[in-house]
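K.L.:
Following this message is one structure expressed as C-alpha cells.
The values are calculated or read from the model by the stated rules, or taken from the named source; none is laboratory data. Worth saying up front: this structure is predicted, and the values here are computed from it rather than measured. Here Cβ is always computed from backbone atoms with ideal geometry, including for glycine, and neighbour counts include all displayed protein chains. The accessibility values were calculated without ligands, DNA or RNA, using every heavy atom of the protein model including side chains. Shrake-Rupley method; radii C 1.70, N 1.55, O 1.52, S 1.80 Å.
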Amino acid sequence: SAVISQKPSRDICQRGTSLTIQCQVDSQVTMMFWYRQQPGQSLTLIATANQGSEATYESGFVIDKFPISRPNLTFSTLTVSNMSPEDSSIYLCSVTLAGGPYEQYFGPGTRLTVT
Amino acid sequence: EDKVVQSPLSLVVHEGDTVTLNCSYEVTNFRSLLWYKQEKKAPTFLFMLTSSGIEKKSGRLSSILDKKELFSILNITATQTGDSAVYLCAVKNNAGNMLTFGGGTRLMVKP
C-alpha cells in the first residue's frame, strides 16, 4: 500500500471563498483521482489528475469550479472555488500504485463545511 | 452507465454473529471489483477481485466474485464491535480507471 496525506483534514469556510486541498503520496503512483462524498451519499469521482496536463473531469464537474494541478507523480491539489453550502462534503484523494496490481487507495479525506 | 447496488442498506447484529454483505453490478468491460471499509472519512481498502470463484481472505473477512451472475459477497465471521462501519463495493471497467461505487451497507455490531 501507500501512505497518502491530505491537508487540511477539515475546514470551515465562508460562502464565496476558495479552498485548496493538497494530496501527497509517499510512493510512485500511476493514477491520482479526486472524489467527493456528500453527506449521507456514496463517493463520486470529480476528476482524474493528470501529470503535467489538464485534469479529466467527470460529467457534472468543471475546471472553473474544481481546478486541479498535478505537477509531479506524487502530489496533487484540488481547489474548490467560489464555495456555496452545497459544496460541504468530504473530499478524498485516491491513487493507484505504479507496478500493479492496481488496487486503489484513499487518503484520509478533507471535511469541508461551507457556511 | 456502470451501476453497483449493495444490499442490505443497513444491518444490526450482535458480537459473534456472521454477516454476509451483497454487491451486484452492471458494467461494460468489467476489470475488477473492490471492497472498502469506511469508518470515519477515508475508505480503507479490503479486497480487489478480478477472477471468478477465487476467494480472497484476510482474517475474519473473506470475499468472492461471481462474474457470471455479476455479484460479489463480503463475509465477516465472529463479528466484533470494531467491525461497525459502512462497507463499500466498487467496480472498475477497462475503459479507464474510474471506480463506480455502490451506496454502501451500514453495519452496526452491538456488544
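K.L.:
Computed FRET efficiency, Cβ-Cβ of A:THR56 and A:THR17, R0 22 Å: what is it to the nearest 0.05?
P.N.:
With R0 = 22 Å, the Cβ-Cβ based efficiency is 0.25.
K.L.:
Using alpha-carbon positions, what is the distance between the centroids of the stretch A:58-100 and the stretch B:32-77, in Å?
P.N.:
The stretch A:58-100 and the stretch B:32-77 have Cα centres spaced 26 Å from each other.
K.L.:
How far is it, in nm, from the label point at B:GLU1 to the one at B:THR44 when both lie 7 Å from their Cα along the line to the Cβ?
P.N.:
It works out to 3.3 nm between the two label points.
K.L.:
Do you know which residues of the stretch B:81-106 lose at least 50 square angstrom of accessible area in the protein assembly compared with their chain on its own, with a 1.4 angstrom probe?
P.N.:
So the qualifying set is B:ASN97, B:MET98, B:PHE101.
K.L.:
State, to one decimal in nm, how far the label point of B:LYS57 lies from the label point of A:SER9, with both points 7 Å from Cα in the Cβ direction.
P.N.:
3.6 nm
K.L.:
Quote the FRET efficiency, to the nearest 0.05, computed for B:SER84 versus A:GLN41 with a Förster distance R0 of 22 Å and r equal to the Cβ-Cβ distance.
P.N.:
Computed FRET efficiency for B:SER84 and A:GLN41 comes out at 0.65.
K.L.:
A follow-up question, please. Using a 1.4 Å probe on the protein chains only, how many percent of the accessible area of the stretch A:36-96 belongs to carbon and sulfur?
P.N.:
Carbon-and-sulfur percentage of accessible area, whole number: 47.
K.L.:
A follow-up question, please. Put +1 on the Cβ of every Lys and Arg and -1 on every Asp and Glu Cβ in the protein assembly as shown; which of A:SER94, B:ILE54, B:GLN80 then has its Cα farthest towards the positive end of the dipole?
P.N.:
B:GLN80
K.L.:
Given charges of +1 on the Cβ of Lys and Arg and -1 on the Cβ of Asp and Glu, with all other atoms neutral, how large is the dipole of the protein assembly as shown about its Cα centre, in debye to the nearest 20?
P.N.:
It comes to approximately 300 debye.
K.L.:
Ignoring ligands, DNA and RNA, what percent of the 1.4 Å accessible area of the stretch B:3-110 is carbon and sulfur?
P.N.:
Accessible surface attributable to carbon and sulfur in the stretch B:3-110 totals 50 percent.
K.L.:
For B:30-39, what's the mean count of beta carbons from other chains sitting within 10 Å of each residue's beta carbon?
P.N.:
2
K.L.:
Additional query: One-quarter of the Cα convex hull surface for chain A, in nm²?
P.N.:
The orientation-averaged projected area of the Cα hull of chain A comes to 6.7 nm².
K.L.:
Continuing with this model, one more query. Quick one: which of B:LYS3/B:LYS37; A:LYS7/B:LYS57; B:LYS68/B:LYS92; B:LYS56/B:LYS92 span more than 26 angstrom between C-alpha atoms?
P.N.:
In this structure, A:LYS7/B:LYS57 lie more than 26 Å apart at Cα.
K.L.:
Then there's this: Out of every Cα pair in the stretch B:54-111, what percent are spaced more than 12 Å from each other?
P.N.:
Within the stretch B:54-111, distances greater than 12 Å cover 74 percent of Cα pairs.
K.L.:
Calculate the radius of gyration of the Cα atoms of the stretch B:3-110 to one decimal place, then report Dmax, the largest Cα-Cα distance, as a whole number, both in Å.
P.N.:
Computed over the Cα atoms of the stretch B:3-110, radius of gyration and Dmax are 13.2, 42 Å.
K.L.:
Rounding to the nearest 20 debye, state how big the charge dipole of the stretch A:8-99 is about its Cα centre with +1 on each Lys and Arg Cβ and -1 on each Asp and Glu Cβ.
P.N.:
80 debye
K.L.:
Give me the accessible area buried between chains B and A, both sides summed, with a 1.4 Å probe, in Å² rounded to the nearest 100.
P.N.:
1600 Å²
K.L.:
Could you compute how much accessible surface B:ARG31 exposes when probed at 1.4 Å, giving the result in Å² to the nearest 10?
P.N.:
My reading of the accessible area for B:ARG31 is about 80 Å².
K.L.:
Then there's this: On average, how many beta carbons from a partner chain sit within 10 Å of the beta carbon of a residue in B:43-56?
P.N.:
2
K.L.:
Tell me the per residue accessible area of the stretch B:29-75 using a 1.4 Å probe; a whole number in Å² is fine.
P.N.:
Roughly 51 Å² per residue, with all protein chains present.
K.L.:
About the Cα centre of the stretch B:1-68, how large is the charge dipole given +1 on each Lys and Arg Cβ and -1 on each Asp and Glu Cβ? Please answer in debye to the nearest 20.
P.N.:
The calculated dipole for the stretch B:1-68 is roughly 240 debye.
K.L.:
Cα atoms only: what Rg and Dmax, in Å, come out for the protein assembly as shown?
P.N.:
17.6, 51
K.L.:
Further, regarding this structure: Using a 1.4 angstrom probe on the protein heavy atoms only, line up B:MET108, A:MET31 by accessible area, largest first.
P.N.:
Correct descending sequence by accessible area is B:MET108, A:MET31.
K.L.:
Another question, then. Looking only at Cβ-Cβ distances, which cysteines of chain A have no other cysteine closer than 4.7 Å?
P.N.:
Lacking a cysteine Cβ partner under 4.7 Å: A:CYS13.
K.L.:
Taking each residue of A:106-112 in turn, how many C-beta atoms of other protein chains fall within 10 Å of its C-beta, and what is the average?
P.N.:
That average works out to 3.
K.L.:
Determine the relative contact order of the stretch A:1-68: mean sequence separation of Cα pairs under 8 Å and six or more apart, normalised by residue count, in whole percent.
P.N.:
20 percent
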